[in-house]
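The values are calculated or read from the model by the stated rules, or taken from the named source; none is laboratory data. Bear in mind that the values here come from a model prediction, so they are computed numbers and not experimental data. Cβ sites come from the backbone with ideal geometry, for glycine too, and all protein chains shown count toward neighbours. Each accessible area value is taken on the protein alone, full model and side chains, heavy atoms only, with ligands, DNA and RNA left out. Shrake-Rupley method; radii C 1.70, N 1.55, O 1.52, S 1.80 Å.
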Amino acid sequence: MTITEKNSSGALAGCKVIDLSRVLGGPYCTQILGDHGAEVFKVEPPSGDETRGWGPPFLDGTASYFIGVNRNKYGLSLDLSQPDGQAFLKNLLQDADVLVENFKPGTLEKWGLGVDVLQAQFPRLVHCRISGFGADGPLGGLPGYDACAQAMCGLMSVNGEGDGEPTRVGLPVVDMVTGLNAALAILLAINERHASGKGQFLDITLFDCAISLLHPHAANYFYSGKVPERTGNAHPNISPYDSFPTAEGEIFLAVGNNRQFEIMAGVLGCPELASDPRFGTNADRLINRAALRAMLVQQLSGHVAADLAQRLLQKGVPAAPVLNVEQLLQHPHTRHRNMVLEQGAYKAIASPIKLSRTPATLRRLPPDFSEHTEVVRAWLEKPKH
């Protein structure tokens, strides 16, 4: 393996990212940057990123959880609590554009690598910290976790059946949206640096990002004063917007306006639904949601979810069969969109960000632990001309 200053292709070619983060939010962010050409140096502690062991399943001893968010990175290991580890990091930062870390606030400061120190030594550095709650305030400095953020920030309160218990969203949505916001913040700061010549500190928290997901529930609360409740798959503002059983599989109908409702009624062979005064407008359909659902369940009992969804989509009515992960990954449109990466035994979800001239690429598989430490050390010690 060789390392050069600009050996990648993509929209972020030539951007050097030092990734001190672990688990999900930070690695998800830096994988986005790496997919689009950034040179990402993933620095793990001597014990490694704990998600390497979050299995089974494993591939060659590394958990699928780690593999899923750590491609297009060089793998290094440093003990940043020790002087030689700190010196190595500062050497890496000499020409770096971005630092991403998710240490508990105060940890880097304890090692003499705090925000003020790094900004003084590396004034062009964009330093992104991902934390649970930030460094100050009533919860400042406390650890944050996806499920706890979902619980505390209202997401669980609106997720689940109306007569059931608050339920965690079945994927780490807070961690992932935090990673997305971190990537967005980094790109904003890099763009601003073109004008100012200066980097800046980016304070991205799971707490803030979880709150940002509360649409339309927060907006509804602001203007109604009513505390949002769980409605299962049904939408609090739109009807019909729910999953329904069919003769084969479940279908999700997302009917957003009166014209779509009229077309749906015609496709189902019951045009009288559209002229029923109980269902004339979306507001009417919300008031009479239970009656409408009962009638739709009856009409849908003779249909196959996948076939009906296709017919409705072709007519302009949003609808989808409810698929499991296997069905989705094997769907022909998933393949058409190139959303599955495969190289040997490596399989992963591809980048959803499609750029026409500088597309995302797979340049490096997820690294083995400390795979590139010595190579990078030798590269850093080589005289630069």
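Applying D = kT/(6 pi eta Rh) to segment 244-352, where Rh is the Kirkwood radius over alpha-carbon pairs, T corresponds to 37 °C and eta to 0.692 mPa s, the Stokes-Einstein value obtained is 211 µm²/s. Per-residue ellipticity at 222 nm, computed for the chain from helices alone with -39500 (n - 2.57) per DSSP H run of at least four residues, works out to -10500 deg cm²/dmol. Based on Cα contacts under 8 Å between residues 6+ apart, the chain shows a relative contact order of 18 percent.
Hey, if we sort TYR145, TYR221, TYR28, TYR346 by accessible area with the 1.4 Å probe, largest down, what's the order?
Order by accessible area, largest first: TYR145, TYR221, TYR28, TYR346.
Relative to its residue count, segment 269-315 spans a Cα convex hull of 87 Å³ per residue.
For segment 29-97 and segment 10-24, what is the separation of their Cα centres, given in Å? When both Cα centres are located, 10 Å separates them.
Take every DSSP beta bridge whose two residues both sit in the chain; close to 40 percent of them are antiparallel. The radius of gyration of the Cα set in the chain, together with its Dmax, comes out at 24.8, 80 angstrom. Over segment 77-200, the hull volume per residue, using the convex hull of the C-alpha atoms, is 132 Å³.
Please state the charge dipole magnitude for the chain, taken about the Cα centre, from unit charges on C-beta atoms (+1 on K and R, -1 on D and E), reported in debye and rounded to the nearest 20.
Approximately 940 debye in magnitude.
On average, how much accessible surface per residue is there in segment 221-280, in Å², for a 1.4 Å probe, leaving out ligands, DNA and RNA?
55 Å²
The accessible surface of segment 34-107, taken with every protein chain in place and a 1.4 Å probe, is 53 percent carbon and sulfur.
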